[in-house]
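Heads up: the structure comes next, in structure tokens.
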Amino acid sequence: MAVAKLKKAEFYIYKSDIDGVLSALQNTGSYEVVPFSSDSGPEVSALIHPDFQRVESLLGETRFLLRFLEPHFSDPVSGIARAMGEKDDLSLEEGKALDAKTDLKAIAEDVRKLERRLMEIRSEVTQLDSIEQLLTSLHGFPYPLELITSGTDHIHGALGTIPADQTEQWKRGAASILGMMGEYYTVPASEKEKDQIVALFYDDSVSGEALELNARHSFNRIEIPPALKGKVEEELAAIAEKKERLAEEEKLILEKAAKSAEGLVPTIRSLSDFYSVLKDKYLTLSSARSTEQVVMLRGWIPEDSVAEVRRELSIYDSSIELILSDPAEGDEPPSNIVNPSWCLPFENLTRLYGAPKYGELDPTPFLAPFFFIFFGMCLGDAGYGLIMIGFFVWFLRKFKKMPTAFSHFFKLFVLSGISTVIVGALTGSWFGDLVDAFGIFSFLRPLKNAPVLLNPMENPMVFLGISLALGVVQLMFGLGIAFYDALRKKNYMGAFADTGGWIVFLVGLLIWGGLAAGVVPAGAGAIGKVFTIAGALVLVATQGREKTGLVSKAVSGLLSLYGVTSYLGDVLSYSRLLALGLATSAVGVIINMLAGLAGGVPYVGWILAVVLIIGGHIFSIAVNVLGAFVHSLRLQYVEFFSKFYTGGGKIFAPLTYNTNYVRIKKENQDQ
Amino acid sequence: MDLLGIALAILGAAMAAGWAGAGSAIGVGIAGESGAGVMTEDPGKFGLVLLLQALPGTQGIYGLLIAFFAILKVGLLGGGAEISVNVWQGLAIFFACLPIAVGGYFSAIAQGKTSAACIQMIAKRPEETGKAVILPAMVETYAVLSLLMSIILLNGISL
């Protein structure tokens, strides 16, 4: 069905042609190379393309250049637009020409010089800043700093801090020790400072006493860079001048960077993509095996693409050998998911959970209708649906070239919006109760009321019933798929005993329950009982079949019936459809009510009301779309998938052109 | 007597909005701390982180919703006609508000922790965002069930 069949493809290629063959394969984008398993032969492996080293180092250079230059580059195409596929085209020939023309190493060397100088300047400025801060705290210091940093023949200086409350004591001590043999100085400080900056100048002859005095008052020496010699004010002026010079130089460098960014960034981006395309190609060789003359590649080709690959490779016919076979036991082929266009937007949801394994069912077409309905019920407001449709349609038209994964995702939201409009129209919810809440919309009322089937605010129990019924339908559908899947794999015990037993048992219970609720005619009651008992018997008889011994078989079988509670839980889980739908309309109603209240304010009321309506509904859309998406998805993943789907496959990842900035033009050899 | 009934209904509304809102605040806060950590490494993940951080915020909205339902029911909003609420009816409205108050508070905190862990997960594996969004949603189920029960109970009280 939806997981496409693959062929195992082994290539034997003459070494001289390997580059051309790989390029052709990369151009088709239909061949995934897998490494040889380590035990399948003693041949030489670890083949490295002669150009690999060069390309890898150049790729590193482009990354460095882009990291440094891109912040200085004003991009004409915004980042979002680029991610949405607004890329320039580049053919491989152009890339090759660009590669030959550009001396990337030299450019990188120049730019690296700029970067290094910029870093030096910045660290120098930081250093100057800290010295400046220190000197500012010494403002008014009357001695040349030379006295402290180097001293004279006889006089030494010490600058440092002591606790402010010891200042007076320290001064008295200093006066008594020094006498005529030195001076002391305290930097004027505000009352609040805890530390007092002091300086002591002393003759050699009293240095012992002076140091002891300082030690007694917990003197903490301040280091001053030895280069500082003059008065504080002079040094401050010198630093300011130096900083100005550095700032000027930095500005020049940045201007230079901006200028080279303007010229270089587009080229480097193209080259970066060109090199990464080459690197991808060369890396496939690391999965190859080679002998003297021949390189062997092993990988997978989708069955549908075999003809195209053969055509692309036709010019190498004489030098390659392609052997195709079906996947064998023990192989782990990747999954190439192919879906009809109507459910393509939903494929992303399957991928989010994990791709199906090769040969398993792809759940995309099964979940598509349910997700469609559930999203509509969870959001359930036609006005919000219209806004979603409008926004995403506009987005899709604005970015026509966006990658398919994105466009499918946005189409999913358009579809979800359509479903929301349908459910909203049927339940009469347009921006909450906007039409009913404000008189100016009264002309719309008949239009709004015409399609209404059910108002969930007034009849929540009916809506709850619908939600749970949908749950039963989806769960039964899931069991049905599991039944079919087991039959397909010829696992008859799994089909009839496990899944079949549950289906019969649950259908019986439903009929029985319907009888009790009075919705099923009495005549059907007997059928219900028969189904229930038959299903239960099958389950009891078979669910313990892997156990040994009659008693444990019987106990396991009986215990398996307890699994009915999980089905009950699953069905109740669908009640979220009601709760979220109600929450959306109720939030809308509240917003309208607040706007109505605000509208009563004299003069400016109507402005407040309009602001509240617009802002409130935008907020409500954002919150509720997120909730509706997450919860509809959860119902698929947890309740539905658990019945039949495990995922765990690996997505088919062929050798192709993966680029960030440009789009590589496919070469068509026919032209 | 009538006033006590109204007061009880208001107590219920206040509990619903207050506790569920407090839970959401804690939950969003926990997720936000984790998100800030991730963004110091990679500011480009802002969008994804914001998405995951927003998930525990819904309980606050559910609580607000029930609070509005409750005060609408006793006619405190919109300036409609006076509705007489006796003590038992007031008490019933109070009880009907409890599921979302209690369920909202605790589930929002638990969901916040799960979101925080999932934010760490997408820091390492941004390609697994789909799964990272589902795990917190598993916790939210119980807030949705609380909301549902509060709605059904409120709906069932006749004044």
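Some notes on this structure:
- Within segment A:641-660, the set of residues being at pLDDT below 85 and open to solvent by less than 60 Å² (accessible area, probe 1.4 Å) comprises A:Gly647, A:Gly649, A:Thr659.
- Within segment A:450-465, restricting attention to residues that are free of Cβ contacts under 8 Å to residues at least 12 places away in the same chain and more than 10 Å from chain B (Cβ to nearest Cβ), the residue that is least open to solvent (accessible area, probe 1.4 Å) is A:Gly465.
- When residues in segment B:19-29 are screened for being within 14 Å of chain A (Cβ to nearest Cβ), within 11 Å of B:Gln111 (Cβ to Cβ) and open to solvent by less than 20 Å² (accessible area, probe 1.4 Å), 1 of them pass.
- Among the residues making up segment B:39-54, those that are open to solvent by 10 Å² or more (accessible area, probe 1.4 Å) and in contact (Cβ under 8 Å) with a residue 24 or more places away in the chain are B:Glu41, B:Asp42, B:Lys45, B:Leu48, B:Leu51, B:Gln53, B:Ala54.
- Test: A:Arg663 is in contact (Cβ under 8 Å) with a residue 12 or more places away in the chain, among the basic types (Lys, Arg) and away from chain B (no Cβ under 11 Å): yes
- Note on segment A:594-634: residues that are free of Cβ contacts under 8 Å to residues at least 12 places away in the same chain, of a type in the set (A, V, I, L, M) and open to solvent by less than 10 Å² (accessible area, probe 1.4 Å) total 1.
- Among the residues listed as A:Phe64, A:Phe68, the single one being of a type in the set (Phe, Trp, Tyr), surrounded by fewer than 17 Cβ atoms within 10 Å (Cβ to Cβ), modelled with pLDDT of 75 or more and in a helix (DSSP H, G or I): A:Phe64
- Hey, A:Gly596 assigned to a helix (DSSP H, G or I), at the interface with chain B (Cβ under 10 Å from one of its Cβ atoms), over 16 Å from A:Phe375 (Cβ atoms) and modelled with pLDDT of 85 or more or not: yes
- For A:Arg298: the one exception among (1) of a type in the set (Lys, Arg); (2) over 33 Å from the mean Cα position of the chain (by Cα); (3) surrounded by 16 or more Cβ atoms within 10 Å (Cβ to Cβ): (2)
The rows are residues; the columns are (1) of a type in the set (S, T, N, Q); (2) more than 21 Å from A:Ser429 (Cβ to Cβ); (3) not assigned by TED's automatic domain parsing to the domain that holds A:Gln636.
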{"site": "A:Val571", "(1), (2), (3)": "no, yes, no"}
{"site": "A:Ala579", "(1), (2), (3)": "no, no, no"}
{"site": "A:Thr584", "(1), (2), (3)": "yes, no, no"}
{"site": "A:Ile591", "(1), (2), (3)": "no, no, no"}
{"site": "A:Gly596", "(1), (2), (3)": "no, no, no"}
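- Every residue from segment A:540-589 that is surrounded by fewer than 14 Cβ atoms within 10 Å (Cβ to Cβ) and among the basic types (Lys, Arg): A:Arg545
- Among the residues of segment A:439-446, at least one is at negative phi and touching a Leu at 6+ places or on another chain (Cβ under 7 Å).
- Helices (runs of 4 or more DSSP H) completely within segment B:30-135 that count 1 or more residues being at pLDDT 85 or above, touching an Asp or Glu at 6+ places or on another chain (Cβ under 8 Å) and within 13 Å of chain A (Cβ to nearest Cβ): B:58-73, B:87-124
- Of the helices (runs of 4 or more DSSP H) lying entirely inside segment A:118-226, those containing at least 2 residues that are under 26 Å from A:Lys243 (Cα atoms) span A:146-149.
- Conditions (1) aromatic (Phe, Trp, Tyr); (2) part of a helix (DSSP H, G or I); (3) more than 14 Å from every other protein chain (Cβ to nearest Cβ): number failed by A:Phe619: (3)
The values are calculated or read from the model by the stated rules, or taken from the named source; none is laboratory data. Owing to the predicted nature of the structure, the values given are computational and were not obtained by experimental measurement. As a convention, Cβ positions derive from the backbone with ideal geometry for all residues, glycine included, and neighbour counts pool all protein chains shown. Areas reflect the complete protein model, heavy atoms only, side chains present, ligands, DNA and RNA absent. Shrake-Rupley method; radii C 1.70, N 1.55, O 1.52, S 1.80 Å.
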